[in-house]
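Coordinate-derived values only; no laboratory data. Every value quoted in this text rests on a predicted model; they were computed, and no experiment measured them. All Cβ positions, even for glycine, are placed from backbone atoms using ideal geometry, and neighbour counts span all protein chains on display.
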Amino acid sequence: MKKNKFLLFALFLIVFSACSDDYVERDFTNAVSEEQLAAIANSSPEAALSIAAGVEGGNNFFLNDFNTAGNGNIHDDFGHMAVNLGTDLMSNDMVQVLSHWFVNYYNYTARNENSIRTDMVWKFYYKVIYNMNDALKLVPSTVIAPELKHIRGRLLAVRGYAYFQLIRIYGNGDLGIPIYTTTEALGERQPTADVKALILADFEEAYSLLEGYSRDAKTAVDKNVAAGFLARYHLEYGNYSQAATYAQAARSGYSPMSSSDLADGFNKIGNAEWMWGADINTATSTVYASFFSQIGSLNPGYAGLLNVYKSADRRIFDNISATDARKDWFVDAGNPYGLPKYANIKFIDDTDFEGDYVFMRAAEMYLIEAEAKALGGDEAGAKQVLLQLISTRDSGYALSSNTGAALLSEIRFHRKLELWGEGFAYFDMKRWNVELNRNYTGTNHASYGLFNYPAGSPKFVFQIPISEVNANISLGVQNPFE
Amino acid sequence: MRSKFKWIFTLLLAFSMQLSFAQEKTVTGVVADKLGPLPGANVIVKGSTTGVQTDFDGKYSIKAKKGDVILVSFTGYNPKSITVGDANSYKIVLDEGMILDEVVVVAYGVQKKEAITGSITEIKSDVVTKITAGNVTQGLVGKSAGVQVFNGSGLPGDAPTIRIRGIGSLSANLNPLYVVDGVPFNGDVNSINAQDIESMSVLKDASAAALYGSRGANGVIIITTKKGSKFKNSSVTLDTRSGFASRATPDYKFIKDEGKYYEAYYQGLKNAYMFTGNNLDSNAAAALANANLITGDQGLKYNSFNVANDQLINPATGQFNPAASLKYNESWDDYLFGDGFFTQTSMSVSGGNENTNHYFSAGYEKNDGYVVNSGFEKITSRLKIDSKVNETFTLGANIGYTSIRQDYLDGYTGGNTYSSPFYWVRAVAPIYPVRAYDAAGNPIINSLGVHIFDDGTGANGQSPVRPFGSLQHPYATAVNDIKKYTTDNLYASGYFDFKILDGLVFTYTATGELFNVNDSSMDTPLYGDAVNVGGRVSYTNQRTFAFTQQQLLKYAKKFGKHSLDVLAGHESLDRRLNGVSAERSKLLLPDSPYVNQAALNQSNGGYGSSYALESYLSRVAYDYDNKYYINASARRDGSSRFAPSERWGNFYGLGVAWRVSQESFLKNVSWIDELKLKASLGQQGNDDLGYELPYLTQYFVNYTTDSTLPISYISGDYLGNKKITWETTTNYNFGFNASFFNRRLNIESEYFVRDITDMLFDKPLPPSTGFQVTPTNIGDMQNKGIELTIDAEVVKTNDLSITLNLNATSYKNSISEMPDNPTDTDRVIAGNFIREEGGGAFDYYMREFAGVNPANGAALFWTNVDDLDPTAGRILTENFGEADLYRIGKSALPDVYGGFGLNVEYKGFDLGVNFAYQVGGYATDGVWLGGLAVSPGGGIHSDYYNTWTPTNTNASLPRLDVDDPLNYYGNSTLNLIKSDYLSIQDVSVGYNFNSSMVEKLGLSKLRIYGLADNVFLWSKRQGFDPRQSGVTGASSNNYSLLRTISFGINLQF
């Protein structure tokens, strides 16, 4: 019996001493939790800065990431450049030669509520907004230290730009989009005027906070880029004199690229004219699902290898002056590369899908200033600015003698040509209130894109994706199907 | 029939003290059944503590006095008693009977079958060993009422999806808990050799599974492995079978004739020109389609016939040119698929004496599979020892090691990727060859004299660019890629039993499971999408270690007619996973799968996750006079997955049973052998939504090679929820078990209700918030249903026995509460389903297809649909975007499902056939709809002949149109099909050689047999296999199920 009692005692010891309170407490080993980051951020202002910079850096990766919307192995989802290319294919200016990735934009099914493309565009920019708000919580408007002000400026600029893209893609007249900031979460579609006010406030605060900021790399937004955003904003909404002023401020310190750079393939962020872009390397390259894969006619991606070329609308190519160096961005019949006529060689990647992306460059600022001045009545000023840019492109160019609508048309032609493939064509088409005219005599558009929509067509407005409609009960009215 | 298993019940024979004064003598004899001596039968003197077992020759020797009653019993036979007279030797012959004192394996122990108050189905070894699938649970289809088994993929060794009693949750882990030899199992069931399995018990209701509380909310499957017998000598069993595996069901009927394909695609172009694009008239459209058929921007690019491109089709008639003949004819099916050889061999040795028994087994299995280069090889081994050291102390160990090597290819799990062979053969047009040919039809040979593969890029200079899947070549990558999984599973469990007092036992069990998976994957630099990066090679190693400890205190006592069983215990689990991976590109050697032989660094990483669970459990079981039973259990669990304030949950179970057949008013009714009424209720929890720590939001550090960049991170996909806690399932179960006519007819029926509250669910968030989902406890759901199991021995003579069995389950799923929303539409739309109060979890929410416009073949849909009265005032529209979505009144869940079967035994022959069926559900068939969504180079389904053309204006399907692809209409009833099916799941035929012949060979048993599984399927559409579509009812391009036909021998000595 003694032995049994001893055994009994030992057994109970084993039973009840088995586990401590911490036994069931676990932490991530694969990732970090929000609590862990918050704990670091709260420890000191320097720490808060580094956490905010970390979130900002993460967003910089996200801008060029593959499968941002989580819809699977979708090779037309690679972030901001995918949206640029997709919207370009919805304009008059770009032709998709073969039905493949991106054809949904070209044939106008990408903007339908059930399409995973509108889903991607919406989710992408709202995730950027979330990331910016996440970091902005750590750098409120009361910060004083210069580094903190600069980072706050950068964050606000990018947030404003994300809203700017969204409102121009999804806004339908007065009906805007949901607004999320560090203090409010408004899931209902806000009036477009409110969204515009937020964008302008973000850009202006960014512009002033970025005073004195000197950046390490062109992947960060600086005061010039903020000015560029303001120029784009004011041009879009008809504030011409402000557009011209900011455009001029934006390009200060930059000059148009040399003619050898023009033919270099638009793949180096170090280009003298580039103001803001993405630096792609081995770790960030998304290979086949990347911009150069889709548009580089000489690269072994979808365009070069599988012949899914992106070509210019012939109305652009046929009207480029013979002395204009930009004619060499497109090929003619009988070219040595074996490409079809009108295919572009503007974008060539001479690396293994590590070509850099351009988000903003100085040439655009010249064009904004010229157009703003022309629309604002200062035609002489417009012509001068245009000359400054085009003289570096076209050796045979002299000061324009056009006036009125003809001058505007000339400026717009150069804008379409200069910024071809950089994500402006669709937004310009809407801003100028012109029609989509692809089905004209002699057109070089593909058969699955041969249709016309009148100016101001509801088709130019993307429908809000069904994932938002289903999950957001307070959203409001959907954009029309047609 | 001899049975040599389940010696545990002998422990339950009560020994009571009694003094005996008469003179004892030694009584000897033989116990036999009609076939011969019966080893291992129990011989006891009634009322005494003495009991022995018969030896290998059936002989016994026991001390007894004249007048004592000797009771002889053996599982599977009716017990017999004899009174000791003057003789000293008695031969006792036992008759076969249905199980009386049978013991069923239940939570943390065993219970006599009549004492079960809950719902348990047992699947015995003889059924289990007939399963040829690499994963033994694949063979459970139709075998148990209340259990739905979906074999999502036929890949050898793949685990099926098992649902017990309906849908347990909307997105939490729905898999049942597997328990192996009393310990919850963390590994993969395919590491267990089916031949090692003694029985599988499925615990379906709460009181049965409550002791597994937290992880048993979706039911528990207990797998008990064989243990050594108490024979004096060891016995050896050897089982081997071989055969072939082939595709179980024919594929969808896609157009495979090249000429017919050109005709169909031509029509697709012509329809587009007439109706969707330029609106040309018929002649102009015909001419344009003919001109663009091969070389247009939507052309097919390849002309596999020996006539000019514009001579393939006659534009006046739209018909294919009968004078054309093929330049080449290659079928992707022939290259990618082929019957695979399969073999399984297993050997086991079991033996022992009263104090120690052992069981050792080793097994080998090889299955080449149905897809090229996708074979599977498995080696299993197991050693079990139980040793009674002395009266107080027993210990034992159970050690198993399994090694699996699986060759696989990209896309083998199916899905709509170009690299999936199953998707490819349906999705590619039959005009594209596997190998490259030039325009004249001559093979293109490379400098090494090899006829190269055609990857569709036109890079060989003589072939055009293939519009479908260019750069992809699933056959070339399948044979040139090197991809394999190598898995090592080590299972080691040890226990000791301390008998503290009479009836009080303490058991400590510790189990360690270690599994290690290597994934070595090389993408060839010769073909496919790794060509331009010079090939890719990656290596991942993942190690999981799970350590479970149990401390159980059991007390069992009989006081006269009262019997009491008490259990109290503590269990803890610590499971950790660690992994490391590396990837490089630019291979030096084109066939090297080693990372270090490649040059360009792509990525590397180390990761891990962990899970811990701690539990306190208890159970009390009481019965009176073997007539009235009651048991109750309680459990408290803490999970690492929840925040500390939400961490712990309490779960309980209660069951009662009444053996009406033991009552005096029924005891003498001869044709009723057993009638038991039972009722139970209980609660269980579920903590698994698939997240490691759902209450925390994750941030992932970005990997970079650029040292100038700061550390950066980005938030994950889900928003953490601090309040997340246990999902609770409350199960109610009422039923009866009855046996009639000497147990020749057995009926079991149960009515169950599963109420699930605080369902774990991935709630979709508006993407504008920056997240797509958040894990939540959302709403309540209920599954109500009825199960019926019948088995009947309809013919029973000396030589012949025919048994029929049937099981059927019918359940309804409904959502009883959704969380409140600011507006009154409390609903969640998930894909094709709508979830709202009063509806089911898988009710379809779609647009309704209304037929075809005879003027232009456009698909028509209903719009202006009133949810409450769908047919009133609705309008037709051709505009899919305008069609209204509404609840169409159909569900993905079937009304009834189950199985039935037949077993015949005649002399030594046995034959078994098992069927499975399902009636009343609907599925969406995206694979079929994709075959009508014509795109350049894409496959076309033969239902093309039912589509509208200008000459077939009464067709039921919309026109084929390259500019208006139909798969855009996936969320509509056009895509809906009934998921009813009837399948012959398995057929087995065997012959047992009789004992006299067998003994001459020195054996104790010899059986030859043939087995076939996945024999046949009737479903609503050829190629559509509802068994693969799972609960969500969607067809898929998964690895198809395999039919295995094999022959084998089983012998014992």
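Give B:K366/B:K483; B:K63/B:K499; B:K130/B:K1005; A:K137/A:K218; B:K260/B:K301 a once-over and call out the pairs whose C-alpha atoms are over 20 Å from each other.
Violating the 20 Å limit, Cα to Cα: B:K63/B:K499; A:K137/A:K218.
Suppose only helical runs count, i.e. DSSP H with n ≥ 4. What mean residue ellipticity at 222 nm does that imply for chain A under -39500 (n - 2.57) per run, divided by all residues and rounded to the nearest 500 deg cm²/dmol?
It lands at -13500 deg cm²/dmol.
How crowded by other chains is B:694-701, given as the mean number of beta carbons from other chains within 10 Å of each beta carbon?
Values: counts 0, 2, 8, 7, 6, 12, 6, 5.
Across B:694-701, the average partner-chain Cβ count within 10 Å equals 6.
Which FRET efficiency, nearest 0.05, do B:Q462 and B:A291 yield, Cβ-Cβ r, R0 25 Å?
Details: r = 23 Å, r/R0 = 0.93.
Result of the calculation: an efficiency of 0.60.
Test of understanding: ordering A:M90, B:M759 by Cβ neighbours within 10 Å, fewest first, what list do you get?
A:M90, B:M759
Listing A:M429, B:M846 from the residue with the fewest other Cβ atoms within 10 Å to the one with the most, what is the order? Intermediate values should be presented prior to the final figure.
Working: A:M429 21, B:M846 25.
Taking fewest neighbouring Cβ atoms as first place, the list is A:M429, B:M846.
Starting at the first residue of the stretch A:305-319, write each ³J(HN,Hα) from the Karplus equation 6.51 cos²θ - 1.76 cosθ + 1.60 with θ = phi - 60°, in whole Hz, x for Gly and Pro.
Running phi through 6.51 cos²θ - 1.76 cosθ + 1.60 with θ = phi - 60° gives 8, 9, 6, 8, 5, 10, 10, 8, 4, 4, 5, 7, 4, 5, 9 Hz.
Across peptide A:55-63, how many C-beta atoms of other chains are within 10 Å of each residue C-beta, on average?
That average works out to 5.
Mind checking the full-extension length gain between B:V701 and B:Y628? Use 0.36 nm per residue of separation minus the Cα-Cα distance, one decimal, nm.
Roughly 20.1 nm would be gained on extension.
Assuming a ≥ b ≥ c are the square roots of the Cα gyration tensor eigenvalues, decide whether the stretch B:290-390 counts as rounded (a/c under 1.5), prolate (otherwise, with a/b larger than b/c) or oblate.
Here the stretch B:290-390 falls in the prolate category.
Rounding to the nearest 20 debye, state how big the charge dipole of the stretch B:681-797 is about its Cα centre with +1 on each Lys and Arg Cβ and -1 on each Asp and Glu Cβ.
Working: 8 positive and 15 negative charges, 53 e Å.
Around 260 debye, computed over the stretch B:681-797.
If the only charges are +1 at each Lys and Arg Cβ and -1 at each Asp and Glu Cβ, what is the size of the charge dipole of the stretch A:229-388 around the Cα centre, to the nearest 20 debye?
Around 320 debye, computed over the stretch A:229-388.
Where both partners of a DSSP beta bridge lie in chain B, what percent of those bridges are antiparallel, to the nearest 5?
95
If packing is taken as the mean number of other Cβ atoms within 10 Å per residue, what is the order of B:550-558, A:394-402, highest first?
Most protected by this proxy first, the peptides run B:550-558, A:394-402.
Which of the aspartates and glutamates could a cross-linker span from B:K978 if the Cα-Cα distance has to be under 20 Å and same-chain partners fewer than 8 positions apart are dropped?
B:D251, B:D843, B:E848, B:D895, B:D925, B:D943, B:D1025
Any idea how far apart B:D281 and B:A568 come out in nm if each label point goes 7 Å out from Cα toward Cβ?
Placing both labels 7 Å along Cα→Cβ, they lie 9.6 nm apart.
In the neighborhood of A:D349, defined by Cβ-to-Cβ distances under 13 Å, what is the net charge if each Lys or Arg adds +1 and each Asp or Glu adds -1?
Charge balance near A:D349 sits at -3.
Measure nothing fancy, just the Cα-based angle from helix A:240-250's long axis to the longest principal axis of chain A, in degrees from 0 to 90, nearest 10.
Helix A:240-250 and the main axis of chain A meet at about 70 degrees.
Rounded, prolate or oblate for chain B? Axes are the square roots of the Cα gyration tensor eigenvalues, ordered a ≥ b ≥ c, and the cut-off for rounded is a/c under 1.5.
Prolate, because a/c is 1.5 or more and a/b exceeds b/c.
If you line up the long axis of helix A:2-16 against the longest principal axis of chain A, both from Cα atoms, how many degrees apart are they, to the nearest 10?
Approximately 20 degrees, to the nearest 10.
Taking 8 Å as the Cα distance limit and 6 or more residues as the minimum spacing, I'd like the relative contact order of the stretch A:148-254 as a percentage. Each step should come with its number before you reach the end.
Details: 141 pairs, mean separation 27.3, N = 107.
Reported relative contact order: 26 percent.
Of the trypsin sites (Lys or Arg not before Pro) in the stretch B:948-1053, which ones lie in a loop per DSSP and count no more than 14 other C-beta atoms within 10 Å?
B:K1020
Work out, step by step, the length gained on full extension between B:D869 and B:S670: first 0.36 nm times the residue separation, then minus their alpha carbon distance; give nm to one decimal. Before the final figure, lay out each step's value.
Details: separation 199, 0.36 × 199 = 71.64 nm, distance 5.75 nm.
Taking B:D869 through B:S670 to full extension adds about 65.9 nm, to one decimal.
Percentage of Cα-Cα pair distances in the stretch B:399-504 greater than 15 Å, rounded to whole percent? Please list the in-between numbers first.
Numbers: 4075 of 5565 pairs.
Pairs farther apart than 15 Å: 73 percent.
Got a sec? How would B:W726, B:W332 order by Cβ neighbour count within 10 Å, fewest to most?
Numbers: B:W726 27, B:W332 20.
Fewest to most other Cβ atoms nearby, the residues stand as B:W332, B:W726.
Pairs to check: A:K268/A:K341; A:K383/A:K459; B:K25/B:K91; B:K66/B:K91. Give those whose C-alpha atoms are more than 28 Å from each other in this structure.
A:K383/A:K459
Enter the mean number of other protein chain beta carbons within 10 Å of the beta carbon of each residue in A:469-475, as an integer.
On the way: counts 2, 9, 11, 6, 8, 4, 2.
Average per residue, whole number: 6.
Does anyone have the angle between helix B:282-295 and the longest principal axis of chain B? Alpha-carbon axes, 0 to 90°, nearest 10?
Compared with the principal axis, the helix lies near 70 degrees.
Using Cα pairs under 8 angstrom and six or more residues apart, how large is the relative contact order of the stretch B:549-624, in percent?
39
Residues in the stretch A:362-378 near a label at A:S255, defined as backbone nitrogen under 18 Å from the 7 Å Cα→Cβ point?
A:362-367, by backbone N distance to the label point.
In Å, what Rg and Dmax follow from the Cα atoms of the stretch B:942-1053?
Reported Rg and Dmax, both Å: 24.5, 78.
Just to be sure I understand: of the beta bridges DSSP finds with both ends in the protein assembly as shown, what percent are antiparallel, rounded to 5? It would help to have the intermediate numbers written out before the result.
Numbers: 394 of 407 bridges.
Bridges in the protein assembly as shown that DSSP calls antiparallel: roughly 95 percent.
Let me know the shape class of chain A, please: from the alpha-carbon gyration tensor, a ≥ b ≥ c as square roots of the eigenvalues, rounded when a/c is under 1.5, otherwise prolate if a/b is greater than b/c, or oblate.
Prolate shape, in that a/c is at least 1.5 and a/b is the bigger ratio.
Tell me, what is the FRET efficiency for A:Y440 and A:D328 to the nearest 0.05, using R0 = 35 angstrom and their Cβ-Cβ distance as r?
0.85
Loop only per DSSP, at most 11 neighbouring Cβ atoms within 10 Å: give me the GluC sites (Glu not before Pro) in the stretch B:305-391, ordered by residue number.
B:E354, B:E391
Remind me, relative contact order of chain A in percent, using alpha carbon pairs under 8 angstrom and six or more residues apart?
It comes to 18 percent, rounded to a whole number.
May I have the extent of the alpha carbons of the protein assembly as shown along their three principal axes, as whole Å values ordered from largest to smallest?
138, 85, 70
Roughly what % of Cα-Cα distances in the stretch B:649-715 sit above 14 Å, to the whole percent? Don't skip to the answer; put the middle values down first.
Working: 1702 of 2211 pairs.
When every Cα pair of the stretch B:649-715 is considered, 77 percent fall beyond 14 Å.
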